[in-house]
Each structure stands twice: as structure tokens, then as C-alpha cells.
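The values are calculated or read from the model by the stated rules, or taken from the named source; none is laboratory data. These numbers come from a predicted model, not from an experiment. Positions of Cβ are backbone-derived with ideal geometry, glycine not excepted, and every protein chain shown enters the neighbour counts. Remember, those area values only see protein heavy atoms, side chains included, never the ligands or the DNA or RNA. Shrake-Rupley method; radii C 1.70, N 1.55, O 1.52, S 1.80 Å.
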Amino acid sequence: MLNYSVKRLGLAVIIVSVVMLLLFTMIYLIPGDPAAVALGPRATDAMREALRVKMGLDQPIWIQFWNFFINAWQGDLGNEVLSDRPVTDVVLEQLPFTLALIAGGMIWSIALGIPLGCWTAIQPGGIVDRIIGILSVGVIAVPSFVIAIYALLIFAVSLRWLPAIGAGDSGDIIDQIIHLILPSLAVGLGWVGYLARLVRASMLEVLEASHIRTARAFGLPERLITYRYALTIAILPTVTLLGVGIGQMLSSAVFAEIVFARPGVGKLVYDAILTRNYPLVSGAVLVTTVLFIAINLIADLVVGVLDPRVRSRL
Amino acid sequence: MSEAVSKLYKALRRILAEPMGAFGVALVVLMVFGAVFADILATAEPSDISPRDRFQGPSITHLLGTDHLGRDLFSRVLHGGRIALSVALFSIAASLVIGVVLGLIAGYGPRWLDNLMILVFDALKSFPTVMLALALVTLFGPSLTAVVVVVILVNVPGYARIIRTQTLALKSAQFVSAAQSMGAGTTRILRAHILPNVIGPLLILASMDIPVVIAIEAGMSFLGLGVRPPTPSWGAILNDGFAAIRDTPWIAVAGGLPIIVTTLGFTFLGETLRDVFDPRLKVR
């Protein structure tokens, strides 16, 4: 297990490095002089030159990359253009809002997806199974921003059940949760479908296993067999997908934050693009990507603990 | 030729026999029909501005109502279908070509090149899709080019990996060694012996990506980072509707509906296709 963990961690470090290289290349290729963009049209040549030296833009490209690389690993992503604050601080300020949104999406998908998956696995091929099967595919297919807009339209604008914009009062936890209901539904609904299908498939497999047959032969109640003996095993494959799921929810969260006018990393990047605040864009993209890589790493390590077979695959 | 036609006919019958497949085919036909005959079906020019008619609800003259510039939404939805479909087909075709070439190189080429390519693919896959799109917009500016580049970068790693794995498996197969011993060059082996064996499953997977790509185009256009106005795009209509969602909700409905119809249609069709032709792909 230790061997596997070290290898898997090493791989993650290498991938983060390549991601940094890709992002650096992208920033480097953006047309226009970053110093001129930062200072605006009224700056003199001398001011631009001074800022270029300060930003290290007068150095050869490999030194620029090396500096970027070393600083990024130390958590220094440079300063943003508008207020000259460290990018890392600005991003970390917004991150909790996005994480809360993803956690909400997770809760929706687990609370609905796992029971639906169990329910359909008990009577495969029945009418309930077919309807839920089609619905699951449906919610996976429809893009989250359409779900977000329609949810806003139905529950906030027409029915007025839930608030349409913002993250709620910062001191009032109940208010914050109420503001989280709709956006997190938009983020998590697709994964309700994924989980339902995944749990159904793995339940069908587990229900055939001999220890379930033994439990039946002992005359244990069907409910106990399903939820206690079958589900606890059938749920394992979902852990692997958790990492992927959080990545997709990160994408959906960008849309949910914009539609529901919530603070968060997605809204931050979107606003930064509109104001051409490029250091902030690349910094926030790097932070979320590293977060995604870290979550996948953790998911893989957890699966490595639970299922020794995967350890030999790396 | 007639054999191929009868094969196709049989496949279609099997798809239509499944309720999900039949529903998918119906939705896809509806969408493609609307996009292809947009010129005939549209009741107005999609980009004609008419300030006097702005914010009108659905009626006989404007089937889906009008937007903030008085443009007929029904006509814009039809023409938006053309954009969605052509972007999807073009960018998937481009991803397929690039993915197949890179996959063959990784699978058949030297070991170090394979490792390097896998590393870059893994790094590309580590970006959350929307974050990658947002980062690339800084480079290309809001445009169709940005949308196509995003789709290619999202799809190529997956396609190339499939081709690579299968090429690796076939590399040491007997018929490949036989061809090598008869003096066949690398290009000939790849083209005549390996490619035909690896392309099938990839095409099914690529067809399942059509709704995903349509969602990417609509999503970027919704954020104002995709097609430029006044080109009609479903995402752009949805954005117009979002801006006026409190007073004139039909604009948002008109923008969202075709996206739902199309993504559902293609997904149902793709799922049925996969179940009918290659059940092995189900475990992915």
C-alpha cells in the first residue's frame, strides 16, 4: 500500500507540474504585453518598462517559467491586476462558497441517487425500473446550466418558494442553506442519475452473490438483506467515481454561481475574464485544477485501501 | 451495397424496437429537420431587429415570442440548430482525426513518446471542462474557434487513449508480425491492419459525445464566450432570456427547450446504439 501511495502521489505531482507548464504557455501566448494591459492606455513607456522588470518579463522565457513554477509550488501565484492583491488570497476567499455548493450537490445526488439505485435494482425490468432508468439518462444528458435556469424560473421566479440570487446573510446559517438549495440541485441533479445507474448495476451484481443467497436461506428479512448486506458492498464502486463527479460539479458550479449570482471561484474567473484580469484567471484555474487532482488522488488512495487489486495496476 | 442497406435497415429496426431508442430517433429527426430546413421553416429573418415588436409573448405570428430586440425566437431557434449541429459535427470530426493519429503514434511509437503523450493527456483531463474553456477564452477571445479548440482538447485525450490501448494490444498480434515479415512499412501496417480493427468502438463513443459537445457550445455561448452576436445560438438566446427572466420568461424557455430536446434525443439514441451494438462498452 505504501508503495502504491508513493507512486500515485508522485504521479499527481508530475501531472500538476505539466498543468502548470500548460497554463504558463497559455499566459505567455496571450496577445498583448501584460504590463501594458495592467497599466492601461495612459501609461508611459518608462512605466511599462519598470513594471516589466518588476514582473520579470525582461527575463528569458525559461527563467520566467522556472520562477512561475517555483512560486506556484510555494503558493505564490502573483498579484491580480486591479487591486494588486495576491491571487492566492483572492481565490481562497471565494473557494469556500464553491466548496459549499459542491457539497450541497453531493448531498442531493447521494440522498436521491443511492435510494433510487437500490429501489430499481430490487425489481429489474419492472415499470418503475424503466421509468427511473429513462429519467436518470435524461438528467445526465441535460446540461446543468439549463437545469439551473429552469429551476430558477420555476421555483424562484414563478412559485417564489426559494430565493433567486446571492449566498444569503453571512451570519445566518439557515439563510445560507436556503440559498444553497436551488443552486446545489442544479449542480447535483446530473449525478443523481449517474449514482442511480451505478448503484443499480452494482446492486444487481451483488444480489447474485453467494453471501446474499445464504442470508436469504437463513430467512433474514429482505429489507435487511438489501440495505445492510448488499448495499454496503454495492456502494464501493461509487467511491472511485466520486473524484470524477466532483470535477464535473466544479464545472457545473461555474454556471450555478453565475445564474444564481452567488460568490465563488467560477463567478470570480468569469468576472476576471470580462475585466481582462488574466493573472486572476490563470491562478483560479490552477487552484481549482489542483483541487480536482488532489480529490482524485484521495479517491484513488481510498479505493486502494478498500480494494487491493487496484494497487498493482499503477 | 444492398447488403449494407439491409444491415442498416435491420439496425434501425432494432433501435426503434426499444422505447428509448424510438424516442431518441424522434427527437433527433425533429432537431435535424428543423436545422436543415431552417430557411424554409423560419417565419422571419433570425437577425432582423424590430424594436416595435420587442418582448412579445408567443402568438401565431411569433410562435415562441420575440426577444429584447424584437427578433423572432422561433426563427432564431431553428437557425441556432444549424450552428449547434455544424459545430458538433465539425469539432468531433476534428477530434477524431487528431485523436486517432495521436493514439496510433502513442501505441505504435517509441516508449518514451508514449509516456510523454499519456502524461499530457492526463494533465489535459485534469482540468475541469469549464475551467479549461474559461482559460482558453483568454487566449482566443470569445469566438467559435475557442469553442472548437475546447471541444478538441476535451475529447482528444479520451479518443487517443482508446486507440492507443488497442494499438498496443494489436502491436504484437500474429497478423501484424506477418505483415511486417512480408516487408510492409509502418504506415501500411497502421492504415491497413491496425486502424480498421480499432476504429469501431471509437465511432460509437464519438457519436455519444454529440450531446456533450452541443452542451459545451451552448454553455460557452450562454456565458457570452462562444459565437458572437447576432449569430443565433441556443446558448445566446438562453442568455438573453436569463437577463429578462422576471418579466419575459418565454425567452429563456425558448432558449432552453431546443437544448433539452437535442441533448435528450442524441443521448437516448446513443445509449440504445451502444446497447444494441456493443454491450461491452457499457462498463466504462
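Just to check your reading of the model, which residue among A:242, A:268, A:286 is open to solvent by less than 20 Å² (accessible area, probe 1.4 Å), part of a helix (DSSP H, G or I) and in contact (Cβ under 8 Å) with a residue 40 or more places away in the chain?
Step by step, each of A:242, A:268, A:286 is checked, and only A:286 is open to solvent by less than 20 Å² (accessible area, probe 1.4 Å), part of a helix (DSSP H, G or I) and in contact (Cβ under 8 Å) with a residue 40 or more places away in the chain.
Among the listed residues A:157, A:192, A:187, which satisfies the condition of being within 14 Å of chain B (Cβ to nearest Cβ), among the β-branched types (Val, Ile, Thr), crowded, with 19+ Cβ neighbours inside 10 Å and assigned to a helix (DSSP H, G or I)?
A:187
Which residues, taken from segment B:200-209, are more than 11 Å from chain A (Cβ to nearest Cβ), part of a helix (DSSP H, G or I) and open to solvent by 10 Å² or more (accessible area, probe 1.4 Å)?
Within segment B:200-209, B:200, B:201, B:203, B:204, B:205, B:207 meet the criteria.
So, in segment B:75-93, of the ones that are among the hydrophobic types (A, V, I, L, M, F, W, C) and within 11 Å of the chain's Cα centre (by Cα), which residue ends up most open to solvent (accessible area, probe 1.4 Å)?
By that ranking, first place goes to B:90.
Residues to consider are A:314, A:274, A:268; find the one that is at pLDDT below 85 and either more than 9 Å from chain B (Cβ to nearest Cβ) or touching a strand residue (DSSP E or B) at 6+ places or on another chain (Cβ under 9 Å) (or both).
A:314
So, of the residues in segment A:78-112 that are more than 26 Å from residue A:173 (Cα to Cα) and among the small types (Gly, Ala, Ser), which turns out to be most open to solvent (accessible area, probe 1.4 Å)?
A:83
Could you pull out every one of the helices (runs of 4 or more DSSP H) wholly within segment B:62-179 that has 2 or more residues that are touching a residue at least 60 places away in the same chain (Cβ under 8 Å), within 14 Å of another protein chain (Cβ to nearest Cβ) and not β-branched (Val, Ile, Thr)?
Correct list: B:73-108, B:129-140.
Here is a list of conditions, (1) within 14 Å of chain A (Cβ to nearest Cβ); (2) more than 20 Å from residue B:76 (Cα to Cα); (3) at pLDDT below 85, and residue B:277 meets all of them except one; can you say which number that is?
(1)
Scan segment B:46-74 residue by residue and report those that are loosely packed, with under 14 Cβ neighbours inside 10 Å and either small (Gly, Ala, Ser) or closer than 24 Å to residue B:147 by Cβ (or both).
Passing the criteria: B:57, B:59.
Restricting attention to segment B:216-264, which residues are surrounded by fewer than 24 Cβ atoms within 10 Å (Cβ to Cβ), more than 7 Å from chain A (Cβ to nearest Cβ) and either without any contact (Cβ under 8 Å) to a residue 24 or more places away in the chain or part of a helix (DSSP H, G or I) (or both)?
Of everything in segment B:216-264, those that are surrounded by fewer than 24 Cβ atoms within 10 Å (Cβ to Cβ), more than 7 Å from chain A (Cβ to nearest Cβ) and either without any contact (Cβ under 8 Å) to a residue 24 or more places away in the chain or part of a helix (DSSP H, G or I) (or both) turn out to be B:229, B:239, B:240, B:243, B:250, B:253, B:257, B:261.
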